[in-house]
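Novice: This structure is in structure tokens; I'll ask about it shortly.
What follows is calculated from the coordinates using simple rules that are stated; it is not laboratory data. Predicted, not measured: the structure shown is a model, and the values here were computed from it. In this analysis, Cβ positions are derived from the backbone assuming ideal geometry, glycine residues included, and neighbour counts consider all displayed protein chains.
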Amino acid sequence: MRRLPAVPGGFFMRLRTPRSAGLPGGCENKAMNFQKIIVPVAGVAGVLLAYRFYGWAGVAAAAGALVMWVLLHFSRMMQVLKRAANRPIGYVDSAVMLNAKLRPGVTLLHVVAMTRALGQLLSVKDEQPEIFRWTDGSESHVTCTFVAGKLAHHELFRPAPADSPEAGGAAPPAP
């Protein structure tokens, strides 16, 4: 029997982090394409199984569950966008805290929910990868690269303090 090489996280980790040349972070996100197929197929299979075992009452229950699931996702998305509509584009309370919370693979909607603001679009509209930036009051900013709606790479930039030696000021005297 042929053994596959050991990968941390196993088979599902390989699905979540495929390698691709030319895209930042090496993400092409084949798992998201897989989800676009498997979720509707699972829904149809659930309705068919409900009909097989419970008849039309099962179809009504399965269809009701599917509608409830869609409405839950839709209402969450609308709530996140409503909160983001009341804030300036590209603003976040703390870029350092946002950088600490980010991890590859989170969705753009999840990042917008964390920041409670839409990001400032830096890339060409409707082209992959999408690059967004969130800036805080101290001019620190986090630049995020999204491929197919999932975070592939993020980078924090912090400006040098005005009184530091790197900023051109003299070093303070030794005590």
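Novice: Out of the range 47-75, which residues are of a type in the set (Gly, Ala, Ser), more than 28 Å from the chain's Cα centre (by Cα) and in a helix (DSSP H, G or I)?
Specialist: Result: Ala50, Ala57, Gly58, Ala60, Ala61, Ala62, Ala63, Gly64.
Novice: Suppose we keep only residues that are touching a His at 6+ places or on another chain (Cβ under 7 Å) and more than 19 Å from Leu109 (Cβ to Cβ) within the range 126-158. Which one would you say is surrounded by the most Cβ atoms within 10 Å (Cβ to Cβ)?
Specialist: Of everything passing the filter in the range 126-158, Thr135 is surrounded by the most Cβ atoms within 10 Å (Cβ to Cβ).
Novice: State all residues of the range 36-53 that are under 30 Å from Pro104 (Cβ atoms) and surrounded by 13 or more Cβ atoms within 10 Å (Cβ to Cβ); if no residue qualifies, say none.
Specialist: Answer for the range 36-53, where residues must be under 30 Å from Pro104 (Cβ atoms) and surrounded by 13 or more Cβ atoms within 10 Å (Cβ to Cβ): just Gly43.
Novice: May I ask you to list pairs of residues, at least six apart or on different chains, whose Cβ atoms are under 8 Å apart, with the first in the range 137-157 being farther than 21 Å from Gln35 by Cα and the second being of a type in the set (Lys, Arg)?
Specialist: Short answer, once both residue conditions are applied: Ser138/Arg158; Ser140/Arg158; His141/Arg133; Val142/Arg133; Thr143/Arg133; Cys144/Arg133.
Novice: Now a separate question. Which residues, taken from the range 54-113, are among the aromatic types (Phe, Trp, Tyr) and surrounded by 14 or more Cβ atoms within 10 Å (Cβ to Cβ)?
Specialist: Answer for the range 54-113, where residues must be among the aromatic types (Phe, Trp, Tyr) and surrounded by 14 or more Cβ atoms within 10 Å (Cβ to Cβ): just Tyr91.
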